[in-house]
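Structure record follows, encoded as structure tokens.
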Amino acid sequence: MGIQINALKCTNCMACEMVCSYHRDDGFAFLSACIVAYRAKEKKDYFGVLLKEEDVLVVARPDGTEINKLGEEADPDREADASAKPMLLREGCDLCEDMDDYGPMCVAFCPVDAITLD
Amino acid sequence: MEYLSTDKILVIDLGAALVEEEEMDEALVEQKIGGIGITKYLYEKYMDDDPIVIGTGLLSGTTYPASASAQITAKSPVTGKVCHCPVIYKLGVEIKYCGFDYIVVKGRSDTPVYLWIHDGVADISDASDVWGKNVWESTDAIRKFVGDDLLQTMMIGPAGEKGSDYAQVCYNHWSSPDRFGFGKLFGARNLKGFAFRGMGMLEIAEPEEFVEQSLELLKTVKENSFLENKGLAPVLDALGEEGAKEWMDPVTHRHSADYFTPYATNTAFFLDEDPGLLKESKKEEPGVLISDIHALIAFKKLGLSASDTGQALKACAKYGIDPFAVATLGKKTGLEEITGSFDAITGTIPIPGKGLFSPWCPAGPVFNDFNLSGDDEISAWWERRQAVAMIFGIQPVFALMCPELTEESMLAFANIGTGLELTQKILDAVIDDICG
Ligand code: SF4
Ligand code: SF4
């Protein structure tokens, strides 16, 4: 079971990032999220979603999804976005195992259903 | 103020180069709730200094749907009235988390400065390197200097520095809802703008209930059929602008939403790039992000193609001038004439109602009718709806789309979030105070 992200549906609203961080912190913040709406390439209107899992970083881009093993550099050019770096320091997705009433928070709160649980 | 608050108000005196902090008093929230309830209070408190006040709504940056907005409250150098301009995109939420609930800026600096506000720290920084630069260059330069591409800015361009009545305070690289000439106000004070970065945390009085209720509300909001659409073309269509989609399609790239906002109220045009491109463009500046519905309509009515409209909007955003004023007051019809007319824009833009809220926002409901009928009823509703959205920090265009975001629900969430007992009576009094 895992999180699937359709970056073409994504509108970059950051809801997933907020609720993921909430599930760790019980407060409103962004820093603990293991899912991030990346938005560093603003002038190019190039956005998608990064998800840190246990051993991999899932990079859901509009042109396709890459799964990179942590610690291995995939494409230095494309991995350069500012939001990618602190991801490595964050805890991996636990599928919100402690959020009994919700299941995965990011799935529940994505307003355009761009995230699903498969 | 313990909950949904950073507990601090920042007061900056540009003339004396002084930065001070005040505590955010819970009693003030009990009396004025937040957003423009409090920015107006702070404007009046420091009225002798004719301040610029920036603040977030009580629900901004939470899990309440569309809790994206912050506000600028200041006296418009064009209308002479104290007005309120929404802060949109992802900037409102960055302000909420930067460590201060409200920011009061007094005085005039002797030399160009920008205010760098991050994680509870505020610096008056030298802007001599960016003074004279356009909005895009300034935002890029400050991001590069700080080394953070996610830093969010409010910036003026040449229009503000030269004192144009239609100078805008732009947000990051993009045009803003500022139709009040706040850019001129910044320029007159040698204030190039603000840079914000916020990595703070907000405590919630009843976190589980707040989040649970947010999801319930979101589920109801998502039943709206208009959420099957994205971007500005359906909005133009709903406002009666025929053929908008066909006109925009040849340059439309993607649509994006403000923070936590279910409808994508921004559309990007690709101008020097294939709009169908999904990969990252190799070009540095392939297009422009658009949120200004009326500017888009105004350029369309001038007979411009969507591509030329995009070029005009991009030029306006760089120069820091209100594109709607350029389209409607400039009386030019060719792209080159339009982009060459910025320094000559004069005249008056009608501001609806009592002139407090930006006509950037459509003047009535969008997609839903809210059971309103007749111009007077719609106009009174619009003014109240704008006030409510900017008290609580709700994206002001989405507030016009979504009937489920009621005053009752905003009050209920404010109470769950803060532990206070804010009532409809208090809200009515705050709205009366704002709208007169
Ligand atoms: S499932 Fe939970 S932990 Fe995993 S990304 Fe989504 S919100 Fe975060
Ligand atoms: S919540 Fe959905 S639309 Fe919003 S950023 Fe996350 S994936 Fe994208």
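The values are calculated or read from the model by the stated rules, or taken from the named source; none is laboratory data. It should be emphasised that the depicted structure is a prediction, and the values quoted were computed from it without experimental measurement. Quick reminder, even Gly has a Cβ in these numbers, built from the backbone with ideal geometry, and neighbours come from all protein chains shown. What goes into the accessible areas is simple: the full protein's heavy atoms, side chains included, and nothing from ligands, DNA or RNA. Shrake-Rupley method; radii C 1.70, N 1.55, O 1.52, S 1.80 Å.
Brief remarks follow.
- The stretch between B:GLU408 and B:GLU137 holds 93.2 nm of extra length on full extension. This uses 0.36 nm per residue minus the Cα-Cα distance.
- Helix-only [θ]222 nm of chain A, DSSP H runs n ≥ 4, -39500 (n - 2.57) each, per residue, nearest 500: -3500 deg cm²/dmol
- Unit Cα scatterers, Debye sum, the protein assembly as shown: log10 I(q)/I(0) for q = 0.12 Å⁻¹: -1.16
- Backbone geometry of the range A:63-69 corresponds, through the Karplus equation with coefficients 6.51, -1.76 and 1.60 at θ = phi - 60°, to 3J(HN,Hα) couplings of 9, x, 9, 10, 10, 10, 5 Hz, x marking Gly and Pro.
- Directionally averaged projected area (convex hull, Cα atoms, the range B:274-433), nm²: 13.2
- Modelled this way, with points 7 Å down the Cα-to-C-beta line, the labels at B:LYS331 and A:LEU8 are 4.8 nm from one another.
- Normalised by residue number, the volume inside the convex hull of the Cα atoms of chain B is 134 Å³ per residue.
- Residue among B:LYS283, B:LYS354, B:LYS222 with the largest mean-square fluctuation in a Gaussian network model of chain B, springs linking Cα atoms under 10 Å: B:LYS283
- Structure remark: mean-square fluctuation, Gaussian network model of chain B, C-alpha springs under 10 Å; the largest value among B:THR261, B:THR63, B:THR111 belongs to B:THR111.
- Sorting A:LYS43, B:LYS162 by solvent-accessible area of protein heavy atoms yields B:LYS162, A:LYS43, largest first, with a 1.4 Å probe.
- When only alpha carbons are used to place a centre, the range B:90-161 and the range A:38-57 end up 25 Å from one another.
- In this structure the amide hydrogen of B:ILE321, modeled in the peptide plane, comes within under 5 Å of the amide hydrogens of B:GLN168, none closer than 5 places in sequence on its chain.
- Using 0.36 nm per residue and subtracting the Cα-Cα separation, the extra length available between B:ASN368 and B:TRP381 on full extension is 3.3 nm.
- Peptide packing: for B:252-259, B:22-29, A:108-115, the average count of neighbouring Cβ atoms within 10 Å per residue gives the ranking B:252-259, A:108-115, B:22-29, highest mean first.
- Accessible heavy-atom area order of B:ASP101, B:ASP129, B:ASP274, highest first, probe of 1.4 Å: B:ASP129, B:ASP274, B:ASP101
- Above-threshold pairs, the threshold being 27 Å between Cα atoms, out of B:LYS90/B:LYS192; B:LYS75/B:LYS192; A:LYS41/B:LYS184; B:LYS192/B:LYS230; A:LYS44/B:LYS332; B:LYS45/B:LYS96: A:LYS41/B:LYS184; B:LYS192/B:LYS230; A:LYS44/B:LYS332
- Protection-proxy order for peptides A:12-25, B:234-247, each taking the mean of Cβ atoms within 10 Å per residue, highest first: A:12-25, B:234-247
- With the helix formula -39500 (n - 2.57) applied to DSSP H stretches of n ≥ 4, chain B reaches a computed 222 nm mean residue ellipticity of -10000 deg cm²/dmol.
- Peptide B:320-327 - average C-beta neighbours from other chains (10 Å radius): 0
- More than 24 Å apart - percent of Cα-Cα pairs taken over the range B:228-344: 23
- Using a Gaussian network model of chain B in which every pair of alpha carbons under 10 angstrom is joined by a spring, one finds that among B:ILE95, B:ILE124, B:ILE36 the greatest mean-square fluctuation is at B:ILE124.
- Relative to one another, the C-alpha centroids of the range B:383-436 and the range B:181-227 are positioned 14 Å apart.
- Nearest-0.05 FRET efficiency for B:GLN31 and B:VAL121, computed from C-beta distance (R0 41 Å): 0.90
- Counting Cβ atoms of other protein chains within 10 Å of each residue's Cβ and taking the mean over peptide B:57-69 gives 2.
- For B:LYS245 and A:ASN68, a Förster radius of 41 Å and the Cβ-Cβ distance give a FRET efficiency of 0.60, rounded to the nearest 0.05.
- Angle in degrees between helix A:15-25 and the longest Cα principal axis of chain A, rounded to the nearest 10: 60
- Peptide B:355-367 has a mean of 0 when you count, residue by residue, the C-beta atoms of other protein chains within 10 Å of its C-beta.
- Cβ-Cβ FRET estimate between B:LYS219 and A:ASP55, R0 fixed at 22 Å, reported to 0.05: 0.05
- For the range B:48-155, with +1 on Lys and Arg beta carbons and -1 on Asp and Glu, the positive-most of B:ILE52, B:ILE124, B:CYS85 along the dipole: B:CYS85
- Chain B: antiparallel DSSP beta bridges as a percent of all, rounded to 5: 75
- Alpha-carbon centroids, the range B:293-319 and the range B:350-372: separation in whole Å: 21
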